[in-house]
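Let me begin by presenting the structure, written as structure tokens, before commenting on it.
The values are calculated or read from the model by the stated rules, or taken from the named source; none is laboratory data. Computed from a predicted structure; not experimentally measured. FYI the Cβ positions are ideal-geometry reconstructions off the backbone, even for glycines, and counts take in every protein chain you see.
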Amino acid sequence: MNAITGENMSVADEEAFFKIIIVGDGAVGKTSICNHITTKEFFSDYRLTVGCDFFIKKFYVNNVSVTLQMFDVGGQDHFARMRSAFAGGAKGIFLAFDITRRDSLFNLVDWLESVKDELDPRAPKVLVATKSDLNKEAEIWKDDIDGFKEKLKVDAYFDTSSYTGDGVKEAFEAMALLLISKYDEVEYTRSAQKMKFLEGFYPGFKA
Ligand SMILES: Nc1nc2c(ncn2[C@@H]2O[C@H](COP(=O)(O)OP(=O)(O)OP(=O)(O)O)[C@@H](O)[C@H]2O)c(=O)[nH]1
Ligand SMILES: [Mg+2]
């Protein structure tokens, strides 16, 4: 039993917990993908994210329970100054672009640049193409995407649609797997993260 938190540490130790961020231009479908993975709801009207939205979802990969805390950063320009603040301490990043808007892929270079100093250097990068149900209106071709996979040095790529649900679960499960493979177990358990937090409040604190 931990004296300060009053919790049985051995229970919390079995769970992984990561903060991740999802970035990309306004209206590419970042909030929609988070809505799909958490509640399966789809809203056809556009409700722009003011500042940042927060979602939480638990996955089971390789017998590990992985909780992802998702920071869904508003993509419209007027929120640009807040971006790096929301990215602080993120352990992984989704880079999202809309297949019907060519600029949204090219702008991911700037998006990554604007948050990269706040990310853990090991943070997995998962590139997601959104709105695959609208592929008749696509403005982006496979060669463009292959070029950006290299340029952004992404760890994985998925075609997704929050409307049909295609590829969404796969993208999040891949992120969860990448996270547990890139970080040491001692870093990602809830208890380890709580210890770090407590050390900040009680200098010299030891479990
Ligand atoms: N057809 C289709 N429309 C989608 C899909 N994903 C999102 N949309 C639509 O695209 C619009 C923008 O979606 P959002 O999820 O709000 O976009 P966002 O990236 O969160 O936008 P910001 O919060 O401004 O950064 C909405 O009208 C959604 O219904 C999809 O997979 N297919
Ligand atoms: Mg949004």
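Summary of computed values
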read-out: In segment 32-54, residue surrounded by the most Cβ atoms within 10 Å (Cβ to Cβ) [restricted to those that are among the β-branched types (Val, Ile, Thr) and over 15 Å from LEU68 (Cβ atoms)]; value: THR49
read-out: Criterion: more than 12 Å from the chain's Cα centre (by Cα), under 19 Å from LEU112 (Cα atoms), at pLDDT 95 or above and surrounded by 17 or more Cβ atoms within 10 Å (Cβ to Cβ) - qualifying residue of VAL28, VAL23; value: VAL28
read-out: Residue, farthest from the chain's Cα centre (by Cα), within segment 87-106, restricted to residues that are crowded, with 18+ Cβ neighbours inside 10 Å and farther than 23 Å from ALA16 by Cα; value: ARG101
read-out: Any hit, segment 99-114, residues being within 21 Å of LYS151 (Cα to Cα), touching a helix residue (DSSP H, G or I) at 6+ places or on another chain (Cβ under 8 Å) and at pLDDT below 95; value: yes
read-out: Any hit, segment 171-182, residues being closer than 30 Å to PHE42 by Cβ and aromatic (Phe, Trp, Tyr); value: yes
read-out: Any hit, segment 162-169, residues being within 17 Å of the chain's Cα centre (by Cα), in contact (Cβ under 8 Å) with a residue 24 or more places away in the chain and part of a helix (DSSP H, G or I); value: yes
read-out: Given (1) crowded, with 16+ Cβ neighbours inside 10 Å; (2) farther than 22 Å from ALA156 by Cα; (3) among the polar types (S, T, N, Q), number of the condition SER84 does not satisfy; value: (1)
read-out: Filtered residues of segment 148-168 (kept if surrounded by 13 or more Cβ atoms within 10 Å (Cβ to Cβ) and more than 14 Å from ligand 1 (Cβ to nearest atom)); value: PHE148, LYS149, LEU152, VAL154, ASP155, ALA156, TYR157
read-out: Among residues of segment 68-121, those that are in contact with a Phe, Trp or Tyr (Cβ under 6 Å, 6 or more places away or on another chain), closer than 28 Å to PHE197 by Cα and within 16 Å of ligand 2 (Cβ to nearest atom), counted; value: 4
read-out: Helices (runs of 4 or more DSSP H) contained entirely in segment 21-119, each with at least 2 residues that are near ligand 1 (Cβ under 8 Å from one of its atoms); value: 30-39
